Amino acid sequence: MDFGALTGGGWAAGLNLWSAILVLGVSGRMDWATTPEILHRTDILIAAAILYALEFIVDKIPYVDNAWDVASTIIRPVGGALLGIAVAAEGGGSLLGGAVTAGGLAATSHAAKATTRAAINMSPEPFSNIVASLSEDVAAVGIVSLGLAYPAFTVGVVGILAVAALLLTFSLWRFVRRLRRRWGTGFSTPRPV
């Protein structure tokens, strides 16, 4: 089983499922790397390209991106799990192991992305949202490409990213909850220490 494609593809699926599918599919179709055959199909590549283009636009609009992330809360981890199954099946590995690994990584990176975006959208300007979205696009393509080129290194990088994402998610979630409570009180009530 190709652990680089499994971990890189799983992690990237949580940021942008459609770019992960495109990179894996095009890489396999062009014989740049060994990837699941199902991702080489023209209909899969066209559907992923259309959905990537839609997400590319929607993901840069403040608050619309949050709605997109809510809708993707099921889609990205399930898509990551399906990518994991495809990679495991291609390499003769455990289908359940591939699904749990890639789906879990997709859920972790998606949680970090969604909470980061919720925090970013609290600022009134759209520039930081666009920069965050472009950074996520580059990171998704980069981690899948890294996984195909340097599988062992990618497993370590994704492990570090997963721990960092969990810490970031919990920290930002607490921050957003505190802000919402303050907004509810109109910022007038001092908080006890």
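In table form, for the structure just shown:
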read-out	value
Residue in the range 2-11 that is of a type in the set (D, E, K, R) and either without any contact (Cβ under 8 Å) to a residue 24 or more places away in the chain or assigned to a helix (DSSP H, G or I) (or both) present	no
Candidates Ile57, Ile46, filtered to the one that is β-branched (Val, Ile, Thr), over 23 Å from Asn129 (Cβ atoms) and surrounded by fewer than 17 Cβ atoms within 10 Å (Cβ to Cβ)	Ile46
Sole exception among (1) touching an Asp or Glu at 6+ places or on another chain (Cβ under 6 Å); (2) at pLDDT 90 or above for Ala114, by number	(2)
Filter result for the condition that a residue is over 17 Å from Leu166 (Cβ atoms), surrounded by 17 or more Cβ atoms within 10 Å (Cβ to Cβ) and touching a Leu at 6+ places or on another chain (Cβ under 8 Å), over Ile85, Ile120	Ile85
Of the criteria (1) within 22 Å of Arg41 (Cα to Cα); (2) more than 16 Å from the chain's Cα centre (by Cα), which one Phe127 fails	(1)
Selection status of Thr108, under 12 Å from the mean Cα position of the chain (by Cα), surrounded by 20 or more Cβ atoms within 10 Å (Cβ to Cβ) and closer than 17 Å to Leu6 by Cα	yes
Residue count for the range 31-43, restricted to those that are part of a loop (DSSP other than H, G, I, E, B) and either in contact with a Ser or Thr (Cβ under 7 Å, 6 or more places away or on another chain) or buried (at least 16 other Cβ atoms within 10 Å of the Cβ) (or both)	3
Positions within the range 142-155 being over 14 Å from Leu6 (Cβ atoms), buried (at least 17 other Cβ atoms within 10 Å of the Cβ) and of a type in the set (A, V, I, L, M, F, W, C), in sequence order	none
For Val158: the one exception among (1) surrounded by 17 or more Cβ atoms within 10 Å (Cβ to Cβ); (2) hydrophobic (A, V, I, L, M, F, W, C); (3) under 24 Å from Ile61 (Cα atoms)	(3)
Among (1) exposed (fewer than 14 other Cβ atoms within 10 Å of the Cβ); (2) modelled with pLDDT under 95; (3) among the hydrophobic types (A, V, I, L, M, F, W, C), the one test that Leu96 misses	(2)
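The values are calculated or read from the model by the stated rules, or taken from the named source; none is laboratory data. Computed from a predicted structure; not experimentally measured. Positions of Cβ are generated from backbone atoms using ideal geometry, with glycine treated the same way; all protein chains shown enter the neighbour counts.
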